[in-house]
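> My questions all concern the structure below.
The values are calculated or read from the model by the stated rules, or taken from the named source; none is laboratory data. The shown structure was predicted, so the numbers you read here are calculated from the model rather than taken from an experiment. Here the Cβ positions follow ideal geometry from the backbone for every residue, glycine too, while neighbour counts run over all protein chains shown. When the accessible area is computed, the model is the full protein with side chains, heavy atoms only, and any ligands, DNA or RNA have been set aside. Shrake-Rupley method; radii C 1.70, N 1.55, O 1.52, S 1.80 Å.
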Amino acid sequence: MQIFNSPTRYGAVAQSLHWLVVVLVILAWVLGVSDDLLPKGPAREAGLYIHITAGLLVIVLTFVRLLWRTVDPSPPAESTEFGDWSFAGWMGLGAKLAHFGLYVLLVAAPLVGIAVQFARGNGLPVFGLFEIASPWPADRAFARDLKGIHELLSHGLLALAALHAAAALVHHWVFGDRTLTRMLPGSDAGR
C-alpha cells in the first residue's frame, strides 16, 4: 500500500488517520450517550475515562490530519456526472463546507467536553500520564449548560458525519465514481 496520496486515491497515512478518528468519535459518542446506563462506581468512572481519552485523541489526530494535509494534499475530487448532468460546482462546494464543518466539530466538541470536566471542578486525565487540574472552582449550573452544548456539538458531529458517509455511498452506488473506494484500505481504486 502506498504511504502518500496519489492523484487517484488516499495513501495509508490519510486512510489510517481518517478511520481511526471515525472509530474514536463513535466510541466517545456511544460512551457519552450511555453514561447513565453504566452502574455508578468503577464502571462509570472507566467509561468517563475512556470517553475523555477518546476525545483527547480526536483533537490530537485531527491536528495531525490537518498537518499531514499540508505535507500530502488530498487527491482532487472525482468528477461526478449523472447522465447529462454535472454536479461538480455545487457538490464541490457542499463537500468543502461539510469537511470544514467536520474539522470544526472534531475540535470544538472535545474542547467543550474538557470545559465540562473543569466546570465540574474535576481534573483532566491526559492519557493516564498526568492530570491537568481544573482552572476554576466547581459550578454545577455552568457545567450543566456546557454539557448541553457539548451534547449538541457531539450530536451535530455525528449527524454531519452520517451525511458525509451517506454522500460517499451515493457517490459509489448512484454516481458510480471512486469517491468512496479511494478512502478504503486495500481498495484497488485508481490502480
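> Of all the accessible heavy-atom surface of the chain, with the other protein chains kept in place and a 1.4 Å probe, what percent is carbon and sulfur? Before the final figure, lay out each step's value.
Details: 8100 of 11350 Å².
Of the solvent-accessible surface of the chain, carbon and sulfur hold 71 percent.
> Whose amide H sits under 5 Å from the amide H of residue 124, counting only residues 5 or more places off or on another chain, with H placed in the peptide plane?
132, 133, 134
> Expected output is a single nm value to one decimal: the length gained when fully extending between residue 159 and residue 133, i.e. 0.36 nm times separation in residues minus the C-alpha distance. What is it?
6.1 nm
> If you line up the long axis of helix 88-119 against the longest principal axis of the chain, both from Cα atoms, how many degrees apart are they, to the nearest 10?
Between helix and principal axis, roughly 10 degrees.
> Quick one: accessible surface of residue 184, probe radius 1.4 Å, all protein chains present, in square angstrom to the nearest 10.
60
> Here is a further query. Taking N as the number of residues in region 142-191, what is its Cα Rg relative to 2.2 N^0.38 Å?
1.71
> Something else: Compute, for the chain, the length of the dipole vector about the Cα centre, with Cβ point charges of +1 (Lys, Arg) and -1 (Asp, Glu) only. Units Debye, rounded to 20.
Using only the charged Cβ atoms, the result is roughly 240 debye.
> If each residue of separation counts as 0.36 nm, what is the full-extension length gain between residue 98 and residue 36 once their alpha-carbon separation is subtracted?
Result: 19.2 nm gained on full extension.
> How do 63, 127 rank by accessible surface area computed with a 1.4 Å probe, from largest to smallest?
Final ranking, largest accessible area leading: 63, 127.
> For the chain, divide the Cα radius of gyration by the Kirkwood radius and give the resulting Rg/Rh value with two decimals.
1.04
> How big is the charge dipole of region 134-189 about its Cα centre, in debye rounded to the nearest 20, if each Lys and Arg gets +1 on its Cβ and each Asp and Glu gets -1 on its Cβ?
With Lys and Arg at +1 and Asp and Glu at -1, about 80 debye.
> Can you put 78, 151, 45 in order of accessible area, largest first, using a 1.4 Å probe?
Sorted descending by solvent-accessible area, the residues read 45, 151, 78.
> Assuming R0 = 22 Å, what is the FRET efficiency of residue 1 and residue 71, from their Cβ-Cβ distance, to the nearest 0.05?
Details: r = 18 Å, r/R0 = 0.81.
For R0 = 22 Å, the calculated efficiency reads 0.80.
> What relative contact order, as a whole-number percentage, does the chain give when Cα pairs under 8 Å and 6 or more residues apart are counted?
Across the chain, relative contact order equals 22 percent.
> I need the calculated FRET efficiency for the pair residue 50 and residue 90, taking r as the beta carbon distance and R₀ as 41 Å, to the nearest 0.05.
After rounding, the FRET efficiency stands at 0.55.
> Taking region 1-84 on its own, what percent of its Cα-Cα pair distances exceed 18 Å?
Counting pairs separated by more than 18 Å, the tail of P(r) holds 57 percent.
> Right, here's the next one. Please list the non-local residues whose amide H lies under 5 Å from the amide H of residue 11, H modeled 1.01 Å from N, same-chain partners needing a gap of 5 or more.
Distant-sequence amide H within range of residue 11: 5, 6.
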